[in-house]
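Structure first, commentary second.
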Amino acid sequence: MTRQPGLRASRRSASAVLLLLAAAALLAVLPALSVLSAPGARAADGDPTVSLSKKEAGKGGEITVSGSGWRAEALLMLLICGQSTPERGVVGGTNACANADGRAVTTDKKGAFSKKLPVTEPPKPCPCVVHVATVTGEQALADAVFRVAGHPTKDLPKQTGGGKLAVLATTRLEGDSSLLTWFGAPPARRLVFTVGNLGSAPVTDPVFEIGTAHGVYAPQWEERQWRGTVAPGAKAQIKLPVELSAGAHGDYQVSLRYGQKVLAEQPWGVGRPWGVTLFWVLLCMVVPAAVFRIGMAVVDKVRPRPAGSHRTRTPATRRRPKRRGRTGAGQDATTAPGATTEATTNAATTTDATTAVLPWFTPDSAPSENRPRPTTKGQA
């Protein structure tokens, strides 16, 4: 039985088409497999990823953290955090991370990086992750599973059943600055907002996160727990304290986050602490003046004295007032002959002293008692 040539050609073309379809399917599956094989990758296709050279290491060791898919030339922060999983993130916030032993790295033009990170024990028990987040610009983060050998392990806190909080009204900042803020004290306010429970289960003692950002920097998050219960379908007004660092001024952005979702943002313009500026201006004026006065006093002490400046002057003797006595009959008594002689001697001494002190009198022209007094008209 002979086969027809047309049938053979059709079979060959069909097999070629099947091979092409299989190759196309294989090419489509390979990228997905590569993403799934990346260790610790938390994000989906197109999101930043993180990979570790080791999945477990002890305290004092070192691992290499690599990543890709990040923003080009972005500043990243690398931390080892406890009480965290890639699915739930860092539950305890950055307070659960070893912040003192973190590292910073800048991505290249392709958005990739590689950095060595020392292994330290976080303040919270494991499960642990290597947390990578942006410091400036648009916020992005990724976590990779990591185990610190010898570090205690504890289950994560249970999530609330079907509770879901949402902000229902516009947020605002309450409070005023005190006089101390004008001199550099930390500015403080209260963030006031109203939330509603849109879920089917009550939310008890929710833990919010307050973030403050200045300029292009990413928010610095701090946990704030509110004591109370929000029933399903109910709403509640919440006030949380917000505080900046000492001497802070300029335009700030206050963010409110619950879980992994940012609920609200509120701008905050902080005035400049002009009291600090006034203090430095006064200090720059007082210190040079004090140094100048001290220098002048030292120069006055050590400079040479001109000749004759140490000559002591003869002090002029004071005339004693004449005492007038009274007689028994109430009349003024005449001065005794001895008293007259003493008064004349004192007057002569005073005249000699005056003549010696006053330089514009010469010995010949100085007044003297031995010269004859001018006669008055009518006297012999």
Legend entry - Condition broken by PRO241, with the remaining ones in (1) in contact (Cβ under 8 Å) with a residue 40 or more places away in the chain; (2) within 17 Å of GLN139 (Cβ to Cβ) satisfied: (2)
Legend entry - Of all residues making up the stretch 64-101, the number that are free of Cβ contacts under 8 Å to residues at least 40 places away in the same chain, open to solvent by 20 Å² or more (accessible area, probe 1.4 Å) and under 29 Å from the mean Cα position of the chain (by Cα): 4
Inset, instruction - Please enumerate the residues belonging to the stretch 244-279 that are over 28 Å from ALA142 (Cα atoms) and of a type in the set (Asp, Glu). - result: ASP251
Legend entry - Count - residues of the stretch 102-123 that are open to solvent by 20 Å² or more (accessible area, probe 1.4 Å), in contact with an Asp or Glu (Cβ under 9 Å, 6 or more places away or on another chain) and not in a loop (DSSP other than H, G, I, E, B): 3
Inset, instruction - Determine, yes or no, whether HIS151 is open to solvent by less than 30 Å² (accessible area, probe 1.4 Å) and closer than 25 Å to PRO219 by Cα. - result: no
Inset, instruction - Starting from the stretch 265-285, keep only residues that are open to solvent by 100 Å² or more (accessible area, probe 1.4 Å), then list their pairs with residues that are in a helix (DSSP H, G or I) whose Cβ atoms are within a distance under 8 Å, requiring at least 6 positions of separation or different chains. - result: TRP274/TRP182; PHE279/PHE183
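The values are calculated or read from the model by the stated rules, or taken from the named source; none is laboratory data. Computed from a predicted model, the values in this text were never measured in an experiment. Ideal geometry is used to build each Cβ from the backbone, glycine not excepted, and the neighbour counts take in all protein chains shown. Please note that ligands, DNA and RNA were not included when accessible areas were found on the heavy atoms of the full protein model with its side chains. Shrake-Rupley method; radii C 1.70, N 1.55, O 1.52, S 1.80 Å.
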